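Written below as C-alpha cells is the structure these notes are about.
The values are calculated or read from the model by the stated rules, or taken from the named source; none is laboratory data. This one's a predicted model, so the numbers in the text were calculated from it and none came from an experiment. We place every Cβ from the backbone using ideal geometry, glycine too, and count neighbours over all the protein chains shown.
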C-alpha cells in the first residue's frame, strides 16, 4: 500500500513539474512577441504624428524635407538619464525616412539610404497604397540582433498620397526589457516550483498517518456484520477528527517547542545570573556573616523562582496538550468560590488585603472542579499581589441567560496601556507595586487554557474608577 502511495505521489510531482516547465516555456516564448506588439503600437502613433508634421511642408505635391535635418541632428545630440525600472535610457534611437510617391528616399535620419529606392519595401509599398504597412529588417544581414522595426504612414496632399513616412526602432532598444522580464519570470517560476515541491513533500509525510486512519476505517466497515449508518457515521467522524488532530499537531508542534525553549531559556537567564553572582561572592574570604546570609537567601529565592517556573511550565504544557476534559461533572460555583476565597485570605493578611465575596445566586457549570479552582486561585493571587495595603478585592458571581461570570476586581493601579494586549502572553509579567518583583508570567496563560477547555473565555480590563477587573465566563450546565 505504501509503495502504491509513493508511486502515485511521485507521479503527481512529475505531472506538476512538467506542467510548470511547459507553462514557463510558453510564458517566456510569448514575452518577445508581446513586447514587439507594444512597440509597434507606439510606432504607429509616432508615424502618424510625423506624417502630419511632414504634410505641413508639402508644396504643390512635392515634399520639402529641409527642416528635418537640423531637427534630428539636435534630437540625436540630446543626452539624458531616463530611469525605467532597473534599466537606464540615455539617447534617442528612433529613426525616420521620408519617401516620395515613387518610393525614392528623400530623407534618412541616419544618412544611409538617402536617394535609395524603397518602393518595394513592404511598409513603404503598402503606405503608398493607403494601407497599413510594417516590416522588420536587420541592419546586418543574417544578424537578427540588428533587426529594426519599421511602421509607415502615408503623406497626403489634396486627397492624394504624395509620399510616405517610415519610422523605425531597433529591436535591441527594447530587447533589454525582454531579457530582464525573462530573467525575473524564470526566477519566480523556478522558486515557486521548488517551494511547492518542498511543501508537497512535507505535507505528504504528514498525510501518511491520516491515510492509515482511513485504511483502519475501511477495515472496520468490512468487519461489520450488519451495516448501521449512524454507527458508521460516528466512526467516520472519529477517523477524520483524529487525522485532523494529528496533522494540526504535526504542523504546530515544531514551532511550539522551539518557542517554548527559546522563551524559557530567556526567562531562566536572570535567576541563573543572580545565583552565579551570589555563589562567586560567597567564595571570597572574610565575608561578614550577615552578608553571607543575604547572598544565601538570594540563591534560595532565585532557585525557588526557577523551580516555580519549571513547575508552572510543566503544568501549562500538560494542559495545552489536552483536547478535552477527561472527567466532567456538574459544579456549583458558589461553594467553589467560597472555598477559593477562604484559601486565598491568608495570602492577603500580611498587607491587610481583604477578599469580599458576593454570590447572590448559585450557578452550575460542567467541567473539572480542580482546574476551575486553580483558575480562580490564580485570579485571586493576581488581585492580591496588585492591591495596595488595607484594600478590598471584590469577587462576584453573576449569571446571564447562557453563562456564569466570575468577576474579580482589585483596587490596584490597573493595567498600563502598553500591557493590555500582552497580559496573556507566556512569561509576560508586570512588577508588583509593593515589592517591584515579577511572577513567572504563566498564571494568566494557565487560566486561559482552563477557560478554553471549559468552552469559556477570560478577559482582563481596567475598572471604571481604578484597579483591574478579571472576567471568567463559563457556559451554564444544560
Handout entry: Residues satisfying the stated conditions in the stretch 341-363, i.e. surrounded by 19 or more Cβ atoms within 10 Å (Cβ to Cβ) and part of a strand (DSSP E or B)
Key = 355
Exercise for the section: Could you list, in sequence order, all residues of the stretch 453-477 that are more than 16 Å from residue 397 (Cα to Cα) and without any contact (Cβ under 8 Å) to a residue 24 or more places away in the chain? Expected result: 455, 464, 465
Exercise for the section: Identify the residue in the stretch 58-84 that is touching a residue at least 40 places away in the same chain (Cβ under 8 Å) and in contact with a strand residue (DSSP E or B) (Cβ under 7 Å, 6 or more places away or on another chain) and, among all such residues, is surrounded by the most Cβ atoms within 10 Å (Cβ to Cβ). Expected result: 63
Fill in the blank from the handout: Exactly one of 7, 36, 79 is assigned by TED's automatic domain parsing to the domain that holds residue 125, closer than 26 Å to residue 182 by Cβ and not in a strand (DSSP E or B), and that one is 36
Practice task
Test residue 12 against the stated conditions and say whether it is modelled with pLDDT under 80, outside any loop (DSSP other than H, G, I, E, B) and closer than 19 Å to residue 192 by Cβ.
Solution key: yes
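Do we have any residue at all in the stretch 365-382 that's over 30 Å from residue 329 (Cβ atoms) and either out of contact with any helix residue (DSSP H, G or I) (no Cβ under 8 Å at 6 or more places or on another chain) or assigned by TED's automatic domain parsing to the domain that holds residue 340 (or both)?
First, pick out the residues of the stretch 365-382 that are over 30 Å from residue 329 (Cβ atoms): none.
So far as the stretch 365-382 goes, no, none of its residues is over 30 Å from residue 329 (Cβ atoms) and either out of contact with any helix residue (DSSP H, G or I) (no Cβ under 8 Å at 6 or more places or on another chain) or assigned by TED's automatic domain parsing to the domain that holds residue 340 (or both).
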Practice task
Using the structure shown, decide if residue 361 is over 39 Å from the mean Cα position of the chain (by Cα), closer than 21 Å to residue 469 by Cα and modelled with pLDDT under 90.
Solution key: yes
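Are any of the residues in the stretch 113-133 touching a helix residue (DSSP H, G or I) at 6+ places or on another chain (Cβ under 7 Å), surrounded by 17 or more Cβ atoms within 10 Å (Cβ to Cβ) and over 16 Å from residue 98 (Cβ atoms)? Full working, then the answer.
Just the residues of the stretch 113-133 that are touching a helix residue (DSSP H, G or I) at 6+ places or on another chain (Cβ under 7 Å), to begin with: 118-119, 132-133.
Narrowing the set further to residues that are surrounded by 17 or more Cβ atoms within 10 Å (Cβ to Cβ) leaves 118, 133.
The next check asks that each one be over 16 Å from residue 98 (Cβ atoms); those that pass are none.
No, the stretch 113-133 has no match at all.
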